[in-house]
1. With every protein chain kept in place and ligands, DNA and RNA left out, what is the accessible area per residue of the chain? Probe 1.4 Å, answer in Å².
2. As a check on your grasp of the helix formula, calculate [θ] at 222 nm for the chain: sum -39500 (n - 2.57) over DSSP H runs of n ≥ 4, divide by the residue count, round to the nearest 500.
3. Go through L58, L103, L174 and list them by solvent-accessible area, largest first, probe radius 1.4 Å.
4. Would you list F12, F18 from the most to the least accessible area, probe 1.4 Å?
5. Just by accessible area at a 1.4 angstrom probe, what is the order of Y35, Y66 from largest to smallest?
6. So, with +1 on the Cβ of K and R and -1 on the Cβ of D and E, and no other charges, what is the size of the charge dipole of the chain about its Cα centre, to the nearest 20 debye?
7. Just how far, in whole angstrom, is the stretch 1-34 from the stretch 62-88 if you go by their alpha carbon centroids?
8. Quick one: how many lysine pairs does the chain have with C-alpha atoms less than 14 Å apart and a gap of 8 or more or different chains? Give me the count, please.
Amino acid sequence: MFNTVINHLQIFGIGFSFGMAGPCLLICAPILITYIAGKQTIWRKALGDIFIFLLGRLLAYLILGYLAGLSAGLLRQFSSSNLISFFKPLGGIVIILLGVFVLTGKEPASWACKFTSKKISNFSRLFILGFIIGILPCAPLLALLFEIALICRGPLEGMFYALFFGLGTLISGLIVIGSLAGIFSWLPSRIFKSKRSNLVFRIICALLLVLLGLGLIFKTLSLY
């Protein structure tokens, strides 16, 4: 029992470190900060956007933990399957759409309703993006998941270990990315006073998001 508690705390600590200065921060921060800076939203709303994104990523971690609990072989099959190659370009498309929303300055519902009957909310697009990025495990996370597969005794226990890891990344992500979001949601309005300079800055942020999305798509296509 004591060893199990220690294992959970260690995995929580690993997740916290990943979100503070590890792959989770390096992958997610550029996308979120560029999006928040381009929207020039208030800090409280920016923090809510970050939380929604991190919740989507946490759900992906729970699924990966469940797979790890089933078997390391199943996790290995999933991580190298065609399903992963589907998620990567899909993530790129969502990032590009974020760039479009930043450029137009419109909420996605007003833009997307011309093409679909369902309302696409701010919650859904950030949650989906967080889930897509989370379901594409980086090498350090994949190594941790294989370690979980060795120490857990079933899928539910694997999911519980992944929950502790995900909570670690969520808390540290809110601290670090939330702090950066506070700076980047306040700074543009102080620097860019005119409408023209604001528009140029928004265009730059939108283009960066589009490039990040295209980079993810072409990186996947280059493997085939």
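The values are calculated or read from the model by the stated rules, or taken from the named source; none is laboratory data. Predicted model, so just to flag it, every value in this text is computed and none were measured. Cβ atoms come from the backbone with ideal geometry, glycine included; neighbour counts cover every protein chain shown. Each accessible area value is taken on the protein alone, full model and side chains, heavy atoms only, with ligands, DNA and RNA left out. Shrake-Rupley method; radii C 1.70, N 1.55, O 1.52, S 1.80 Å.
1. Values: 11550 Å² over 224 residues.
Value returned for the chain: 52 Å² of accessible area per residue.
2. Numbers: 10 runs with 191 residues, N = 224.
Taking each H run of at least 4 residues, the total per residue is -29000 deg cm²/dmol.
3. Per-residue accessible area, sorted high to low, gives L103, L174, L58.
4. Details: F12 65, F18 30 Å².
From most exposed to least exposed: F12, F18.
5. Result of the area sort, largest leading: Y66, Y35.
6. 1040
7. 19
8. Number of lysine pairs found: 5.
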